[in-house]
1. For the range 85-139, I need the span (max minus min coordinate) of the C-alpha atoms along each principal axis, in Å, sorted largest to smallest.
2. Output the direction-averaged projected area (hull surface divided by four) of the convex hull of the alpha-carbon atoms of the range 160-232, in nm².
3. So how do ILE52, ILE191 rank on accessible area, 1.4 Å probe, biggest first, that is with the largest at the start?
4. Let me have the relative contact order for the chain, percent, based on Cα pairs under 8 Å that are six or more residues apart.
5. Given the Cα-Cα distance of GLU19 and ASP136 and 0.36 nm per residue of separation, how much length would full extension add, in nm?
6. Normalising by the residue count of the range 127-187, find the relative contact order in percent from Cα pairs under 8 Å and 6+ residues apart.
7. Residues with amide H under 5 Å of ALA166's amide H, sequence separation 5 or more or different chain, H placed in the peptide plane at 1.01 Å from N; which?
8. What is the Cα convex hull volume of the range 122-250 when expressed per residue in Å³?
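The values are calculated or read from the model by the stated rules, or taken from the named source; none is laboratory data. In this text the structure is predicted, and so the values were computed from the model without any measurement. Side chains are part of the model used for accessible areas, which takes the heavy atoms of the whole protein and leaves out ligands, DNA and RNA. Shrake-Rupley method; radii C 1.70, N 1.55, O 1.52, S 1.80 Å.
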Amino acid sequence: MPDRTPLFAANWKMHKTVEETESFLDDFLSNPPDPVADVVICPPYLSLGPAIARCADTPVGVAAQNMHEEQEGAFTGEVSAPMLVELGVDGVILGHSERRQYFAETDEALARKVPAALAADLEPILCVGESEEARDAGETEEVLERQLQADLSGLEAGQIENVVIAYEPIWAIGTGRTATPEQAQEVCAFIRDVLRARGGAADRVRILYGGSVKPANAAELLALPDVDGALVGGASLDAEDFAAIIEAAD
Ligand code: PEP
């Protein structure tokens with residue numbers, strides 16, 4: 001099986017001003033993370049440029065939390081992949097459940113955003129996950145298969161390995177509830193099976209777990225064979241906690 005470099009992404013959502021971003025990075029970069037893992041910070045748009053400047057010549061990358069699928073046009077308030085790349089952004093979170101829930105992000109838009117990100121040379125981190133109702137109804141796999149097939153429908157099989165998938169059960173995001181290691185492994189292995197069935201090099205795809213990851217539960221989640229890192233929300237706002245999560249992967 002190919003080695004997959006673990007990836008840790010800090011999703012700050014709508015937290016931290018530019019000043020707070022710089023202060024976080026001063027702390028975080030004073031004790032640089034383990035070089036065997038890839039680490040990206042995903043701050044609000046306004047902090048992308050300052051974060052890129054602070055992370056220059058360090059192993060830490062910077063990713064955006066969203067982008068529009070078109071390159072330019074009459075889309076007030078939106079930002080495109082080429083604009084992010086011009087700034088020096090490395091990747092982009094796509095399809096986060098908060099964007100699906102509060103901003104009507106559709107699978108149709110994601111089917112265009114994922115290839116648009118790749119075409120611009122941004123690494124997409126595509127989020128998928130089931131609601132609590134879907135899990136209780138035994139529909140977790142159905143929901144995930146539907147999201148994956150729809151959101152990746154614009155890609156050739158050979159492009160799948162360039163996409164990062166983040167499994168984020170909605171009921172675990174920002175709730176303090178975490179999937180058990182059994183649940184996380186079962187779903188991440190299922191995601192890999194779906195990717196394999198689409199004809200992609202599924203063993204090369206990095207699959208992250210996200211949902212209330214913190215220093216206390218990181219080690220058991222990151223030891224799972226199909227979990228290749230974490231997408232971290234709340235706990236990534238604290239430099240020490242985020243560093244502790246990354247260290248837990250060792
Ligand atoms: C997220 O927003 O992607 C997330 C996983 O949040 P939290 O870690 O706070 O649950």
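1. Here the Cα extents, ordered largest to smallest, are 44, 18, 17 Å.
2. 4.4 nm²
3. Largest accessible area first, the list is ILE52, ILE191.
4. The value is 20 percent.
5. Answer, rounded to one decimal: 37.9 nm.
6. 46 percent
7. Close amide H contacts, sequence-distant or interchain: LEU126, CYS127, VAL128, LEU208.
8. So the per-residue hull volume is 101 Å³.
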